[in-house]
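Trainee: Questions regarding the structure given below will be posed in turn.
The values are calculated or read from the model by the stated rules, or taken from the named source; none is laboratory data. Everything numeric in this text was worked out from a predicted model, so none of it was measured. Using ideal geometry, Cβ is built from the backbone for each residue, glycine included, and neighbour counts are taken over all protein chains shown.
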């Protein structure tokens with residue numbers, strides 16, 4: 001299975017990245033289902049024409065938005081080089097690029113100038129959290145966006161090793177999005193966790209859940225019917241696999257985003273029923289939390305053609 005990075009939400013998709021094993025690159029996109037108001041943003045790097053539109057179960061819809069995967073393409077698309085609010089150990093040299101007017105989704109690039117990760121954020125003034133965000137592993141970020149100070153909750157995932165020499169020595173880095181045997185994600189407070197590139201190597205702490213058309217097989221961290229819901233159990237990231245290979249990464253934070261009219265919404269807002277169709281063996285407290293307080297999600301895809309993802 002060939003991979004590239006994508007960040008997707010059930011109403012919108014951004015894709016950024018490159019193939020794991022081929023010379024094909026990727027882009028980014030955003031989407032919506034015809035049956036559920038869940039939004040998705042996907043990060044893939046596809047060096048091809050891209051289109052913007054609504055996402056649904058219609059193969060003729062125009063849904064893809066071109067997104068950068070290098071420093072040069074970020075500049076060409078008028079993304080801005082933004083000072084990073086913090087860095088995990090070993091990743092200090094990475095640069096961050098964001099759309100000039102929206103820092104919710106940003107790419108990270110390394111010494112080679114290629115995509116090395118993504119940073120996902122939620123505006124503090126638009127979000128009502130269910131749990132303690134610091135315990136969930138989010139950092140606070142005070143960003144200057146077009147002269148306005150905006151507060152965010154933020155965290156990142158990395159497609160490359162923490163060792164700078166290994167990053168620089170990787171052959172043909174523009175041809176591979178995930179330049180490692182795993183993606184490293186910022187988990188709970190002060191936790192870094194490795195998510196295997198191959199399903200057979202995935203840590204058993206992740207439990208298998210539903211496989212969804214155009215998304216893949218979902219896995220959730222320590223997700224069981226007995227799980228107690230708290231800021232130390234609701235893990236932000238959930239990997240997606242197809243044909244045994246990491247196909248994407250989901251983002252999930254309990255709580256509701258409320259945006260002013262006309263403001264771009266980069267998130268999915270699944271209902272209780274939506275969540276139960278994906279998380280087949282979850283605790284009742286999680287389903288009740290979603291019904292009462294909402295949940296905010298995104299999907300980041302590592303494939304060029306998400307509409308070819310099918311489940312057997």
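Trainee: Being assigned to a helix (DSSP H, G or I) and more than 19 Å from the chain's Cα centre (by Cα) is the filter here, so list the residues in the stretch 106-125 that pass it.
Mentor: Across the stretch 106-125, the qualifying residue is only 125.
Trainee: Only residues that are over 26 Å from residue 69 (Cα atoms) and within 18 Å of the chain's Cα centre (by Cα): list them for the stretch 179-201, please.
Mentor: If the condition is that a residue be over 26 Å from residue 69 (Cα atoms) and within 18 Å of the chain's Cα centre (by Cα), then 188, 191 are the ones that fit.
Trainee: Pairs please, first residue from the stretch 111-140 and at positive phi, second anywhere and modelled with pLDDT under 95 and surrounded by fewer than 21 Cβ atoms within 10 Å (Cβ to Cβ), Cβ atoms under 6 Å, 6+ apart in sequence or on different chains.
Mentor: Going by the 6 Å Cβ cut-off, there are no qualifying pairs.
Trainee: How many residues does the stretch 141-169 hold that are free of Cβ contacts under 8 Å to residues at least 40 places away in the same chain and closer than 20 Å to residue 179 by Cβ?
Mentor: The qualifying residues number 3.
Trainee: Also, I was wondering about something else. Go through (1) crowded, with 16+ Cβ neighbours inside 10 Å; (2) assigned to a strand (DSSP E or B) one by one and return the number of the condition residue 103 breaks.
Mentor: (2)
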